[in-house]
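What follows is a single structure, written as C-alpha cells, with notes after it.
The values are calculated or read from the model by the stated rules, or taken from the named source; none is laboratory data. The structure presented is a predicted model; accordingly, all values stated were derived computationally and were not measured. Note that each Cβ is placed from the backbone with ideal geometry, even for glycine, and that neighbours are counted across all protein chains shown. Side chains are part of the model used for accessible areas, which takes the heavy atoms of the whole protein and leaves out ligands, DNA and RNA. Shrake-Rupley method; radii C 1.70, N 1.55, O 1.52, S 1.80 Å.
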Amino acid sequence: MIATMVYKLTKDATPEQLKEAGLGAHFADHDKALFYHNAAGVPFTATYIQAKGDPIADLYEDIAAEEKARATYQWLIDMSDDPDINDALKFLREREVVISDWKRQ
C-alpha cells in the first residue's frame, strides 16, 4: 500500500520536481517505477524475512516486525501534511497494533 501511495503522489511529477524532492537519484536509476528500498536506498531482499522453524521464535520475530512497521507508519504520518495519505497510514498503523496485540494474548 505504501508503494501505491508513493506512485500516486509522484506519477505526474516532472523530473525537475522529483529532483527538487530529493528523488533525483531514484528517478535516474528507475524512472518512476516502484523499486522497493528503504529510506537510505538499500533494496529490499528476502533476508528481511526471518524464520527459524521454532513457532515461539518465529512468533516473536513477527511481533517485532509488526512493531517496526507500526513505528514506521507513525514516522511517515509525522512527516506528512496530506490528510488522505495520513488517513491511509493511520489505518495501516492501527492494523499493526491490532495484530500485535492479538499475538501477545
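Quick look at the numbers
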read-out	value
Residue check for A46: within 13 Å of the chain's Cα centre (by Cα) and open to solvent by 70 Å² or more (accessible area, probe 1.4 Å)	no
Matching residues in the stretch 24-44 - criterion: being assigned to a loop (DSSP other than H, G, I, E, B) and more than 20 Å from Y73 (Cα to Cα)	D31, K32, A33
In the stretch 1-34, the residues that are open to solvent by 90 Å² or more (accessible area, probe 1.4 Å) and either among the hydroxyl-bearing types (S, T, Y) or closer than 30 Å to I63 by Cβ (or both)	M1, Y7
Per-region count, the stretch 1-21, residues within 24 Å of R93 (Cβ to Cβ) and assigned to a loop (DSSP other than H, G, I, E, B)	2
Some residue of the stretch 48-55 being part of a helix (DSSP H, G or I) and within 24 Å of R93 (Cβ to Cβ)	yes
Verdict on I56 being open to solvent by 70 Å² or more (accessible area, probe 1.4 Å) and in the same structural domain as F91 (by the TED database)	yes
Near pairs, Cβ below 8 angstrom, 6+ apart or cross-chain, from the stretch 32-58 (hydrophobic (A, V, I, L, M, F, W, C)) to any residue that is modelled with pLDDT under 80 and part of a loop (DSSP other than H, G, I, E, B)	F44/N38
